[in-house]
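The values are calculated or read from the model by the stated rules, or taken from the named source; none is laboratory data. Because the structure is a prediction, the values reported are computed rather than measured. With ideal geometry, Cβ positions are generated from the backbone for all residues, glycine too; neighbour counts draw on all protein chains shown. Just so you know, the surface numbers come from the protein's heavy atoms only, side chains and all, with ligands and any DNA or RNA stripped out. Shrake-Rupley method; radii C 1.70, N 1.55, O 1.52, S 1.80 Å.
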2 protein chains.
Amino acid sequence: MAKDFVVTPWEVSGDINYNRLIKKFGIQKIDNTLLERIKKQTKDLHFYLKRKIFFAHRDMNWILDQYEKKNKFFLYTGRAPSGHTHLGHIIPWIFTKWLQDKFNTELWFQIPDDEKFLFKTNLTLDDTNHYAYENILDIIALGFKPKKTKIFLNTEYAKTMYPIALKISKKITFSTVKAVFGLKPENNIGTIFYTAMQSVPAVLPSILKEKNIPCLIPHAVDQDPHFKISRDIMPKLGWYKPASIQCRFLPPLTGSGKMSASDMQSTNTIFTIEYPEEVERKIKKYAFSGGQPTIQEHKEKGGNPEIDICYQYLSFFLDNDKKLQKIYYDYRTGAMLTSELKEITTKVINNFLKKHQKARIKAKSQIEKFMLRD
Amino acid sequence: MAKDFVVTPWEVSGDINYNRLIKKFGIQKIDNTLLERIKKQTKDLHFYLKRKIFFAHRDMNWILDQYEKKNKFFLYTGRAPSGHTHLGHIIPWIFTKWLQDKFNTELWFQIPDDEKFLFKTNLTLDDTNHYAYENILDIIALGFKPKKTKIFLNTEYAKTMYPIALKISKKITFSTVKAVFGLKPENNIGTIFYTAMQSVPAVLPSILKEKNIPCLIPHAVDQDPHFKISRDIMPKLGWYKPASIQCRFLPPLTGSGKMSASDMQSTNTIFTIEYPEEVERKIKKYAFSGGQPTIQEHKEKGGNPEIDICYQYLSFFLDNDKKLQKIYYDYRTGAMLTSELKEITTKVINNFLKKHQKARIKAKSQIEKFMLRD
């Protein structure tokens, strides 16, 4: 029997069965027909699509219909600032940048500092503000177009957002958030209201430009319940339902669930500001291995890349398909040892982080080009 | 047995028994000792205090303690813009102006347009915005000091208010708003969050000035449940509990409950923008009379001023105690007929409205001196 898993916007744990999740959430699997349609517009496919890291969607065909009719969409994604950025966070952003480049679209990047403040007992608004600006450096470092990208904190953009959230909130009952998120009478009233704020960016450009504009939300699959609600409400207010394209999680070093940003000492998480030596140490020490107990046994039976965390990290960070396939083959057949796989992974991630950290320093002087505030 | 009545921030109906309400809400009756203490500072007493129109309070003695120690309070009151201003609305504002004059204090005047939008199915944010600015004319017309009075709409001041509301909301559960206001799972999530916004002005000046400042809230008694919650939460956030001083309702023309602003055609309500002929007509036609069925019977048995709406209106709008006492006596003994009482009342109210409407026109050019926006 499959182990139990939990995927909500506030908790991800257990061994996630993505096929079951597709059924549970009522989302659509990305199939090859859809990939072909996307490729028709983008000429090539991001390896996150080829590898089904982005694996599900809502209404992508409608987004492409509209695009083909010259009714271009905008992108909306977000980052709730509860801690430093880790490698898991940036997966949807990397893909979002690709979408921005290929479709030449606007991107509205929400930083829901209110959410993390409300849901995390120990976080103050000063904490969430601090992490917000740390996270924004990582966002900018990925190379989004400053002229086409707007980043905003919910608290700093509340004069614009709150009245729109009111209109949305008027259509959502406590019963709904109870059913969709499992919120309880003991939850604070801020958490109950919050989903209205998360819905706002899906219509904000349409409202500001007084024109119904399709919205595509690339995001990690745990956020789907929010947008399921958005999709129910928006047509009632006269706007399009937002479409979405959803990715699986980069697993934590130790295996199941998703990485946690709440603790810099975390042994299952690699942060974007990590030193190369620390990345090496963490991978060596903590990365769950699909190898055999002894070198001899490994050479005989071969390793299991499917459950090997390093291999999975490479599938998120090593673009080159041929190289990845060779690693799979070598590890599966036992020609590559766990120590070698860990070494390669460390190199790939540290190469990525070296460039990223350089861009992150440059980003400090770029912030004001991106920020939207009232 | 006493008839049942309902007093919540969103419903007032039935024959209100104010003594029972004091017990139900757990508020304090204003007694003569307190009146003497107030008089010591103000030299005279407003007739709303002498006549126990302001009849209850929370922590007024503490406010006076602080005042005597030179720790001056600020005033906070509000108006939820669901329609045009009627005579009932301005009762607490008239008294608030007296407090501002006597204690020379700042006044923070909240216009919770969000509240009315969320609680009234048919109101749009355009409607509430329209009424907000209509209502603000009435507020300014009463003569508040522009340099010491700040008026703000929740939606227009949301960038400042929302983060504070978040901090407050984090301490309030759905169970609490269910118990205090009777909110249900079918209520929209905006209504559930709203009380946090109503609490904000009770600490806003303290937060902006980085100094704990006592707050006194003059208001109609139906709003007490909001401030009961504020009083629970504020000390947990390091701020003073707000104090309050509470008035009874100007009864509707037809008798029980309170006036309703939702319908300009209303037969139980006199609006501040009403023509004198219309005031006369409404009072003649609809004002519930404490008189006897026939003139002869009236002259023999006398009328009942206690239940007579005109007499009650005079107690709210006729400052002169001696004149009021003479009217009481004459009506009680049958020397004054209902038609005469109605005539006097019409005159008193139309005199008030004539001055008010003139000031209201002048107020149009004063608005920007008062408004606070992000």
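So here's what we get for this one:
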quantity: Complete set of residues in the stretch B:308-333 that are touching a Gly at 6+ places or on another chain (Cβ under 6 Å) and touching a residue at least 40 places away in the same chain (Cβ under 8 Å); calculated: B:Tyr331
quantity: Pairs, first more than 10 Å from chain A (Cβ to nearest Cβ) in the stretch B:116-133, second open to solvent by 60 Å² or more (accessible area, probe 1.4 Å) and assigned to a helix (DSSP H, G or I), C-beta under 7 Å, six or more apart; calculated: none
quantity: Set A:Lys150, A:Lys102: member being of a type outside the set (Asp, Glu), away from chain B (no Cβ under 14 Å), open to solvent by 10 Å² or more (accessible area, probe 1.4 Å) and not in a helix (DSSP H, G or I); calculated: A:Lys150
quantity: Answer residue from the stretch B:129-146, given it is open to solvent by 20 Å² or more (accessible area, probe 1.4 Å) and assigned to a loop (DSSP other than H, G, I, E, B) and is nearest to B:Thr191 (Cα to Cα) among those; calculated: B:Leu142
quantity: Considering residues of the stretch A:271-298 that are aliphatic (A, V, I, L, M) and assigned to a loop (DSSP other than H, G, I, E, B) only, the residue surrounded by the most Cβ atoms within 10 Å (Cβ to Cβ); calculated: A:Ala287
quantity: Any chance A:Cys215 is open to solvent by less than 10 Å² (accessible area, probe 1.4 Å) and closer than 16 Å to A:Val7 by Cβ; calculated: no
quantity: Condition check for A:Ser206: at pLDDT 95 or above and in contact with a Cys (Cβ under 9 Å, 6 or more places away or on another chain); calculated: yes
quantity: Residue tally, condition under 18 Å from B:His226 (Cα atoms), facing another protein chain (nearest Cβ under 7 Å) and outside any helix (DSSP H, G or I), over the stretch B:172-190; calculated: 4
quantity: So A:Ile192, is it assigned by TED's automatic domain parsing to the domain that holds A:Asp15 and surrounded by 21 or more Cβ atoms within 10 Å (Cβ to Cβ); calculated: yes
quantity: Of residues in the stretch A:191-220 being under 30 Å from A:Leu250 (Cβ atoms) and out of contact with any helix residue (DSSP H, G or I) (no Cβ under 7 Å at 6 or more places or on another chain), the one farthest from the other protein chains (Cβ to nearest Cβ); calculated: A:Pro205
quantity: Any chance B:Lys159 is of a type in the set (Lys, Arg) and facing another protein chain (nearest Cβ under 8 Å); calculated: yes
quantity: Filtered residues of the stretch A:153-171 (kept if of a type in the set (Lys, Arg) and not in a helix (DSSP H, G or I)); calculated: A:Lys170, A:Lys171
quantity: Filter result (open to solvent by 20 Å² or more (accessible area, probe 1.4 Å), within 10 Å of B:Gly83 (Cα to Cα) and assigned to a helix (DSSP H, G or I)) within the stretch B:113-128; calculated: B:Lys116, B:Asp127
quantity: Residue match in the stretch B:253-270 (condition: in contact (Cβ under 8 Å) with a residue 12 or more places away in the chain, surrounded by fewer than 20 Cβ atoms within 10 Å (Cβ to Cβ), over 24 Å from the mean Cα position of the chain (by Cα) and outside the structural domain of B:Ala287 (by TED's automatic domain parsing)); calculated: no
quantity: Qualifying residue in the stretch B:162-169 (condition: touching a Leu at 6+ places or on another chain (Cβ under 8 Å), open to solvent by less than 10 Å² (accessible area, probe 1.4 Å) and more than 8 Å from chain A (Cβ to nearest Cβ)); calculated: yes
quantity: Members of the stretch A:201-259 found to be assigned to a loop (DSSP other than H, G, I, E, B) and among the acidic types (Asp, Glu), listed by number; calculated: A:Glu210
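Results for (1) open to solvent by 80 Å² or more (accessible area, probe 1.4 Å); (2) part of a helix (DSSP H, G or I); (3) in contact (Cβ under 8 Å) with a residue 60 or more places away in the chain; (4) not assigned by TED's automatic domain parsing to the domain that holds B:Leu75, shown as yes or no for each residue.
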{"site": "B:Ile22", "(1), (2), (3), (4)": "no, yes, no, no"}
{"site": "B:Thr33", "(1), (2), (3), (4)": "yes, yes, no, no"}
{"site": "B:Lys40", "(1), (2), (3), (4)": "yes, yes, no, no"}
{"site": "B:Asp44", "(1), (2), (3), (4)": "no, no, no, no"}
{"site": "B:Tyr48", "(1), (2), (3), (4)": "no, yes, yes, no"}
{"site": "B:His57", "(1), (2), (3), (4)": "no, no, yes, no"}
{"site": "B:Asn61", "(1), (2), (3), (4)": "no, yes, no, no"}
